[in-house]
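First up is the structure itself, then whatever we jot down about it.
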């Protein structure tokens, strides 16, 4: 018996490692952890122009508090209907209009924010969805998305 790798084993060795995706930024409970986001994923997220803000909508956890595992479809519906998101990037002109924002910016990168249910444009990217909103569509800032009730 030879120790030569089979053709299939050779092919596996030749395959490049998978490209990191947004999905990798979530822990085993389905919670978003910004520190787990690979820089290549962050670089692929569009840079907002002007007064726009890029958000990652909250998508909920994989299990209910009672321990029931939620289906992917349920989690996607929650993400579509959510009013909470994580600020990924802010455009150069966001919050620069002093007559509109006399007290300064309403939020900053890495904040959890509340926005209108139908606010912004939805864009699908590998492993998830992002939203692009105008700076004045932010309704409030949260410590955690778990601070508000979701559907």
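The values are calculated or read from the model by the stated rules, or taken from the named source; none is laboratory data. Predicted, not measured: the structure shown is a model, and the values here were computed from it. Quick reminder, even Gly has a Cβ in these numbers, built from the backbone with ideal geometry, and neighbours come from all protein chains shown.
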Residue match in region 56-65 (condition: touching a strand residue (DSSP E or B) at 6+ places or on another chain (Cβ under 8 Å), modelled with pLDDT of 95 or more and either surrounded by 11 or more Cβ atoms within 10 Å (Cβ to Cβ) or not in a helix (DSSP H, G or I) (or both)): no
Residue within region 129-140 that is over 17 Å from residue 33 (Cα atoms), surrounded by fewer than 17 Cβ atoms within 10 Å (Cβ to Cβ) and under 16 Å from the mean Cα position of the chain (by Cα) present: no
Every residue from region 31-53 that is outside any helix (DSSP H, G or I) and over 19 Å from residue 143 (Cβ atoms): 37, 38, 45, 46, 47, 48, 49, 50, 51, 52
Per-region count, region 77-121, residues touching a strand residue (DSSP E or B) at 6+ places or on another chain (Cβ under 7 Å) and in contact (Cβ under 8 Å) with a residue 40 or more places away in the chain: 17
Residues of region 75-114 satisfying the condition of being outside any loop (DSSP other than H, G, I, E, B) and either on the phi > 0 side of the Ramachandran plot or loosely packed, with under 14 Cβ neighbours inside 10 Å (or both): 80, 81
Long-range neighbours under 7 Å by Cβ, at least six apart or interchain, first residue at pLDDT 85 or above within region 20-41, second assigned to a loop (DSSP other than H, G, I, E, B) and exposed (fewer than 11 other Cβ atoms within 10 Å of the Cβ): 34/110
Members of region 130-150 found to be farther than 23 Å from residue 104 by Cβ and in a helix (DSSP H, G or I), listed by number: 145, 146
